[in-house]
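See below for the structure under consideration.
The values are calculated or read from the model by the stated rules, or taken from the named source; none is laboratory data. Since this is a predicted model, take the numbers as computed values, not measurements. Every residue, glycine among them, receives a Cβ derived from its backbone with ideal geometry; neighbour counts consider all protein chains shown. These area figures cover heavy atoms from the full protein model, side chains too; ligands, DNA and RNA do not enter into them. Shrake-Rupley method; radii C 1.70, N 1.55, O 1.52, S 1.80 Å.
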Amino acid sequence: MKAVWQGATLAASNDTVIVEGNHYFPAAALNMSHFRPSDTTSRCPWKGVAHYYDIVVGEQVNHNAAWYYPKTSDAAKAIEGRVAFWHGVEVTE
């Protein structure tokens, strides 16, 4: 699987975990040159507290377009530390 935005490959891996239709990539699969930590968090009742990254490609910024759970509930351990995408990031095979 590949996550792409503005022509840049953000992540690529054959080891994604699908939860609620989202592919969660292992942290090691990320091209961190395109990620900037965000102060945004949100809470999922069954997964825990999500933290976000802004995606940066050249001058373009896609705010809070990637999220991850640094510590999950027991029910969501399979995605702990993995990163998923939205806001126009294309995830394809």
Under a 1.4 Å probe, counting only protein heavy atoms, S73 has an accessible area in Å², nearest 10, of 40 Å²
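Working with all protein chains in place, sort M1, M32 by solvent-accessible area computed with a 1.4 Å probe, largest first. Mind dumping the intermediate values first?
Values: M1 45, M32 95 Å².
Listed by decreasing accessible area, they come as M32, M1.
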Listed residue (M32, H51, I18) projecting farthest to the positive dipole end of the chain, Cβ model: H51
For K47, list the lysines whose Cα falls under 17 Å from its own Cα; do not include residues on the same chain fewer than 8 positions away. K71, K77
Equivalent ellipsoid dimensions for the chain as semi-axes, Å, which come from the Cα gyration tensor, largest first: 21, 15, 10
